[in-house]
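The block underneath contains the structure these notes are about, expressed in structure tokens.
The values are calculated or read from the model by the stated rules, or taken from the named source; none is laboratory data. This one's a predicted model, so the numbers in the text were calculated from it and none came from an experiment. Methodologically, a virtual Cβ is constructed for each residue, glycine included, from the backbone with ideal geometry; neighbour enumeration extends over all protein chains shown. The accessibility values were calculated without ligands, DNA or RNA, using every heavy atom of the protein model including side chains. Shrake-Rupley method; radii C 1.70, N 1.55, O 1.52, S 1.80 Å.
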Amino acid sequence: MSRLAEIEALLFIAGEEGLSLREMAEVLDLPLTGLNQSLEKLAVKYQADEDSSLALLESSNRYRLVTKDTHADLLRKYSRTPINQTMSRALLETLSIVAYKQPITRIEVDEIRGVNSSAALTKLLAFDLLKDVGRKEVIGRPRLYATTDYFLDFIGINHLEELPEISEHDLQQEESQLFIEKTDTTAENPEELAKKIED
């Protein structure tokens, strides 16, 4: 595997959080100078490749993979449609954890779910069910996530206080399904919103 492919794989797995130079250098066992050069090559590669939708973004001293601006309209169109489709277990688990524990970081979501939640968080951000509300003041300053106003509309409530009460034990149960897909827009209770999600 080439060095650029290794960097790409790491950034893909890191998702929305991205990685700092030091984090990548430690995993790849590379000096910072060499890593900087590889990142520059990767950025140029994406920019020159019209058949690739990816770009390399650096912000707040972290690097992440993003889609090129030219695909913005397509992705906006996509983000408006999936709410009418069945949401996966991973999305609903992630959404429920953020709803009850917000503001919360990806690492904290991962600890509750037991798996990496980067992909789920990225999709929920695209669906406008979650939003980035800043950074937690700890080492690494990870992003904090919270639900949006559209999330309230999606599950049919007016305030977060209307969420069904659950225990910490319930929230951490792998089979817990706190939200179900919305199929009845007239429902008054989140528990009446529709059928259970499919595995």
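The simple spin-label model puts a point 7 Å past each Cα toward its Cβ; for residue 23 and residue 77 those points are separated by 3.4 nm. Residue by residue, the stretch 91-108 carries 3J(HN,Hα) couplings of 5, 5, 4, 5, 4, 5, 5, 5, 4, 8, 10, 5, x, 9, 8, 4, 4, 5 Hz when phi is fed to the Karplus relation 6.51 cos²θ - 1.76 cosθ + 1.60 (θ = phi - 60°); x denotes Gly or Pro.
Per residue, how large is the accessible surface of the stretch 1-118? Use a 1.4 angstrom probe and give square angstrom. Please report the intermediate quantities before stating the final value.
Working: 6860 Å² over 118 residues.
The answer is 58 Å² per residue.
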